[in-house]
Each structure stands twice: as C-alpha cells, then as structure tokens.
Amino acid sequence: MAENSKIGWTDHTHNFWWGCNKVSDECLYCYISGIMKRGGHEPFKGPMRTKNWANPRKWNKRAEEDGVRLRVFTCSMSDFFHRDADPWREDAWEVIRSCRSLDWLILTKRPELVAERLPADWGDGYDNVWLGVTAGRQSSLPKVETLA
C-alpha cells in the first residue's frame, strides 16, 4: 500500500503542485475540491507549487537499496500539463529524471498540451514515465488518440 495514498495501483503519490481548472466533463465532481477546501485553499483557481519535493528522492533511494521499482501517481491534486505550472515543470522533470527507480504515472485531461511541455531530452520518452489520459466518458475518447 502507498505511503501517503490509499490508491491500490500506486505505491506513492506526489504533487509538484496543487489546484487546477475544470476543463472537461470528468472535472464536474473532481475529488480535489473537498480536500483543498478543508486545507483552506481554492481548488479551481489554477495550480500552486507545493513546498516539499524531497519525498521522491527518498523513495528512489529506498527502491534502489531494495532492488525494486515503485510507482508514483504524479499530480493527483492537479494536472501535470496545466499551463499555469509551466514555470515549475522543468524542475519537476529534473526530479523525475533523477529518480530512475520510480515509475512516474502522469495522467492528464489536457493531452493537447503534452507534446509542447515535454523536456528537450525526451526523445522517445523516459523509461520511467507512463503517460495517460483521463477519458471517463465516451465523448472524451478522442483524447486518447491525441496522446497516442
């Protein structure tokens, strides 16, 4: 089970930023609303950078020592490809690049923004990054093709 998540398909969650804007039907009942409001934050006024980015390096060190790979659900409280996170994204890519024993699961509702926000050294991708798109409604299925 995850250290800081009850999500069964991941080992950890890490949020480089919190907050978002609603962009699709899947956003209508977004779970970040209650969580952020309880913390005194407005969830849908765009992202704000989080302060603690040390956990991934700690998890990576532990994974290397144990000889295992760990999965990290990335930006579960935002969207990694949100335009307003552009100033912080290169720093996030650096953490992802440096933590090679972690598999970063990056889901987005903005697949049309992915290509222009990949790092310069992306090439055919990073072996430790899994990109995915949220398509929870039939009307959202074309997003899958955008990501492909």
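The values are calculated or read from the model by the stated rules, or taken from the named source; none is laboratory data. Nothing here was measured: the structure is a model prediction, and the numbers come from that model. Reconstructed Cβ throughout: ideal geometry from the backbone, glycine too, with neighbour counts over all protein chains shown. These area figures cover heavy atoms from the full protein model, side chains too; ligands, DNA and RNA do not enter into them. Shrake-Rupley method; radii C 1.70, N 1.55, O 1.52, S 1.80 Å.
Structure notes:
- Just checking the listed ones, PHE81, PHE16, PHE44: in the Gaussian network model of the chain with Cα springs under 10 Å, the one fluctuating most is PHE44.
- In order along the range 58-63, the Karplus-derived 3J(HN,Hα) couplings, from 6.51 cos²θ - 1.76 cosθ + 1.60 at θ = phi - 60°, round to 5, 4, 5, 4, 4, 5 Hz, and Gly and Pro are given as x.
- Residues with amide H under 5 Å from that of ASP103, placed H, sequence gap 5 or more: LEU70, ARG71, VAL72
- For the pair the range 63-125 / the range 20-34, the C-alpha centres are spaced 21 Å from each other.
- The HN-Hα couplings worked out from phi for the range 47-53 by the Karplus form 6.51 cos²θ - 1.76 cosθ + 1.60 (θ = phi - 60°) are x, 10, 5, 7, 8, 9, 10 Hz, whole numbers, x standing for Gly and Pro.
- For the range 96-107, the Karplus equation 6.51 cos²θ - 1.76 cosθ + 1.60, evaluated at θ = phi - 60°, returns couplings of 4, 4, 7, 9, 6, 8, 10, 9, 8, 9, 10, 9 Hz by residue, with Gly and Pro reported as x.
- Counting protein heavy atoms only, the chain has 50 percent of its accessible area on carbon and sulfur, 1.4 angstrom probe.
- Under-5 Å amide H pairs with TRP17, H placed in peptide plane, nonlocal only: THR50
- With Cα atoms as the point set, the radius of gyration and Dmax of the range 1-90 evaluate to 14.2, 42 Å.
- Residue among VAL133, VAL23, VAL114 with the largest mean-square fluctuation in a Gaussian network model of the chain, springs linking Cα atoms under 10 Å: VAL23
- When the Gaussian network model of the chain links Cα atoms closer than 10 Å, the mean-square fluctuations of HIS14, HIS82, HIS41 top out at HIS41.
- Relative to its Kirkwood radius, the Cα radius of gyration of the range 51-148 gives an Rg/Rh of 0.98.
- Subset of LYS6/LYS143; LYS37/LYS143; LYS22/LYS58; LYS6/LYS51; LYS6/LYS37 violating a 24 Å alpha-carbon distance limit: LYS6/LYS143; LYS37/LYS143; LYS22/LYS58
- Selection from TRP59, GLY125, GLY136 lying farthest towards where the dipole of the range 25-140 points positive, charges on Cβ: TRP59
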